[in-house]
Amino acid sequence: MKNIKKSTYIKTGVILAIICMYLFITPIKNTIDEVISVFATLDVEAIKAYILSFGIWAPVISFLLMIFQSLAAPLPAFLITFANAALFGWVKGAILSWTSAMAGAVICFYISKIYGRNTAEKMTNKFALEEVDKFFDKYGNYAILIARLLPFMSFDIVSYAAGLTSMGLWSFFWATGVGQLPATIVYSYVGGMLTGGVKTFVTGLLILFSLSILIILIKKIMNDRKRKCA
């Protein structure tokens, strides 16, 4: 009982410390507010300019921005992926985007594991989290991989929801890594050609690609179930 109380106090203390840092440390508050305002523009050029303003630290800032957007769901991660491709080339940009997205996913996963559903709901959205729960119940072990292949599924909410299950880190990590790779490559490849038409084309292409893989996965699931019933 004492250990449980101690753990609760530590968790509460960490949360309060983060809140106090934002409220009372002006540089931190100003930086967070600035990042949110940049994201709010939904303008890749603005994000590129912000990242470049840090000079040689630009890749590090991009990495941290991706983690920040993971924690502050549902800020759009694809904007950073586009910006990375335009700034660093599509190959290096894809590597940077993929690794930083994976880092963000693992952090979200562990936040849910450690702090539980109440914190996950505060970090995301209660209704959205419940919908992802239903998705997990429906697809079981394949849920993470399928969710990562679907562009309309929130990357960050899926990470938080996964942390509320009995899933281990390794299973979560490989499914996220494999599932996230196609989206990262496609978005990075066209990152330097951003126009409204290209955005629409990329979204359509990604959906088509995702659906193709989804059909294969569903077929595999059905075959597995048939084997169990036989």
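The values are calculated or read from the model by the stated rules, or taken from the named source; none is laboratory data. All figures in this text were calculated on a predicted structure; none of them were measured in a lab. With ideal geometry, Cβ positions are generated from the backbone for all residues, glycine too; neighbour counts draw on all protein chains shown.
General remarks:
- Candidates Lys92, Lys199: the one that is at pLDDT 80 or above and under 24 Å from Ser62 (Cβ atoms) is Lys92.
- Within segment 77-95, tally of residues that are of a type in the set (A, V, I, L, M, F, W, C) and closer than 17 Å to Val35 by Cβ: 7
- Annotation: of all residues in segment 137-166 being in contact with a Leu (Cβ under 9 Å, 6 or more places away or on another chain) and modelled with pLDDT of 85 or more, the one that is surrounded by the fewest Cβ atoms within 10 Å (Cβ to Cβ) is Leu164.
- Meets criteria (assigned to a helix (DSSP H, G or I), in contact with a Ser or Thr (Cβ under 9 Å, 6 or more places away or on another chain) and either of a type outside the set (A, V, I, L, M, F, W, C) or surrounded by 17 or more Cβ atoms within 10 Å (Cβ to Cβ) (or both)) for Ser112: yes
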